[in-house]
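Inspection log for the structure reproduced underneath, given as structure tokens.
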Amino acid sequence: MKIITALNNEKISKELNKKSKYKIIKPDIQYQDGILEMIENVGAVDFIIINEKLPGKMSFQNFINLLIKKKCTKKYIIILKRKNNEIEDFLFSKGIKNIFYNNKFLIENILKIINNEKIKKEKNINKKNKLNKIINIIK
């Protein structure tokens, strides 16, 4: 299984690479055209983990449409800046359901999606433990 990260954050990509049993293609991609270049070099991949904030010439929705048209991956994991119903509706309409928010996602949950495991909803976790598990990619 081949995975591309386009999080615009090398630290999280390295953490995923350490914990994943699958090949994460390095380095973390820092711009939209970099994803297209990587696909040209390695061919289709199994997952693209992409941050909405990834710089590029296209709008986020147009870029996702281009990736879908190129059929360069089977699944996407999307990190949005914040809750946005319009973008979420767009992603759902494209069959993309793995959506997280920029300041509240767990690497463990991304790994579970990659490993095709169910994510258990955490209940009754005190705030301190929860904050220790959350990775904030806005730094």
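Taking the range 59-76 as the range and being out of contact with any helix residue (DSSP H, G or I) (no Cβ under 6 Å at 6 or more places or on another chain) and open to solvent by less than 70 Å² (accessible area, probe 1.4 Å) as the test, the residues that pass are 59, 60, 64, 65, 66, 67, 68, 73, 76.
Of all residues in the range 1-13, those that are more than 11 Å from residue 30 (Cα to Cα) have Cβ atoms under 9 Å from Cβ atoms of residues that are surrounded by fewer than 21 Cβ atoms within 10 Å (Cβ to Cβ) and acidic (Asp, Glu), 6 or more apart or on another chain, in 1/46; 2/46; 3/46.
Listed here are the residues, each with its yes/no results for (1) assigned to a helix (DSSP H, G or I); (2) without any contact (Cβ under 8 Å) to a residue 60 or more places away in the chain.
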{"site": "74", "(1), (2)": "no, yes"}
{"site": "77", "(1), (2)": "no, yes"}
{"site": "83", "(1), (2)": "no, yes"}
{"site": "90", "(1), (2)": "yes, yes"}
{"site": "97", "(1), (2)": "no, yes"}
{"site": "111", "(1), (2)": "yes, no"}
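Would you call residue 110 of a type outside the set (Phe, Trp, Tyr), surrounded by 12 or more Cβ atoms within 10 Å (Cβ to Cβ) and modelled with pLDDT of 90 or more? Against the criterion (of a type outside the set (Phe, Trp, Tyr), surrounded by 12 or more Cβ atoms within 10 Å (Cβ to Cβ) and modelled with pLDDT of 90 or more), residue 110 does not qualify.
Among the residues of the range 18-35, the ones that are crowded, with 17+ Cβ neighbours inside 10 Å and either assigned to a helix (DSSP H, G or I) or modelled with pLDDT under 80 (or both) come to 3 in all. Going by the structure shown, is residue 51 at pLDDT 90 or above and more than 26 Å from residue 115 (Cβ to Cβ)? No, not satisfied.
The values are calculated or read from the model by the stated rules, or taken from the named source; none is laboratory data. The structure displayed is predicted, hence computed values, not measured ones. With ideal geometry, Cβ positions are generated from the backbone for all residues, glycine too; neighbour counts draw on all protein chains shown. Surface areas here come from the heavy atoms of the whole protein model, side chains and all, with no ligands, DNA or RNA. Shrake-Rupley method; radii C 1.70, N 1.55, O 1.52, S 1.80 Å.
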